[in-house]
Amino acid sequence: FENAVDPNTVNFSDFSDWVKRWIKQEKIEKDAKIAMYCTGGIRCEKSTAYMKNLGFENLYHLKGGILNYFENTQNKSNKWQGNCFVFDDRVAVDSNLQPVQLNCTICNKTVTTDDLQNVSKGKIVCLACSAAD
């Protein structure tokens, strides 16, 4: 989404440490309006609850996540930018929930979910190229 802040965390368990650094570095006030979103809705509910425990008051989350947003809106307003990574064999979907083929940024081979399990977040590389890296 436009103006979204990506925590660049590899695991959801890293979120709490990131939030603490983000609050301190950006001097985020407890009354700031913050909207959370995630792929399917579970992690944004957890992250919203965590931030409420830190004292934030104006928290919102996208119920059902990006996938529900796509299902209900097909992104007609173009608020979502890019594709959405999913945690199944589709790897990524577009706003019509149709699979999107992702290719290795090194060799251009189609990337599978198995390929992405052992690479750093944000890298789209196949198993062969990640092993050579």
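Observations, loosely collected:
- Residue match in segment 82-94 (condition: within 23 Å of Ile42 (Cβ to Cβ), open to solvent by less than 30 Å² (accessible area, probe 1.4 Å) and part of a loop (DSSP other than H, G, I, E, B)): yes
- Where a residue in segment 102-121 is under 17 Å from Arg90 (Cα atoms) and its partner, wherever it lies, is at pLDDT 80 or above and open to solvent by 100 Å² or more (accessible area, probe 1.4 Å), with Cβ under 6 Å and at least six apart: Thr110/Gln101
- Residue identified as closer than 29 Å to Leu116 by Cα and at pLDDT 90 or above among Thr9, Thr73: Thr73
- On inspection, Ala128 passes the criterion of being out of contact with any Phe, Trp or Tyr (no Cβ under 6 Å at 6 or more places or on another chain), over 18 Å from Asn11 (Cβ atoms), hydrophobic (A, V, I, L, M, F, W, C) and not in a loop (DSSP other than H, G, I, E, B).
- Of all the listed residues (Gly122, Gly55), the sole one being out of contact with any Phe, Trp or Tyr (no Cβ under 7 Å at 6 or more places or on another chain) and at pLDDT 90 or above is Gly55.
- Every residue from segment 9-37 that is in contact (Cβ under 8 Å) with a residue 12 or more places away in the chain and on the phi > 0 side of the Ramachandran plot: none
- Of all residues making up segment 23-49, the number that are open to solvent by 40 Å² or more (accessible area, probe 1.4 Å) and either among the acidic types (Asp, Glu) or within 17 Å of the chain's Cα centre (by Cα) (or both): 10
- Flag not set for Asn108, criterion: open to solvent by less than 30 Å² (accessible area, probe 1.4 Å), part of a loop (DSSP other than H, G, I, E, B) and on the phi > 0 side of the Ramachandran plot.
- Check on Gly65, modelled with pLDDT of 90 or more and at positive phi: yes
The values are calculated or read from the model by the stated rules, or taken from the named source; none is laboratory data. This is a predicted model, so every value here is computed, not measured. Glycine gets a Cβ as well: all are built from the backbone with ideal geometry, and neighbour counts include every protein chain shown. The area values use the complete protein model at the heavy-atom level, side chains included, leaving out ligands, DNA and RNA. Shrake-Rupley method; radii C 1.70, N 1.55, O 1.52, S 1.80 Å.
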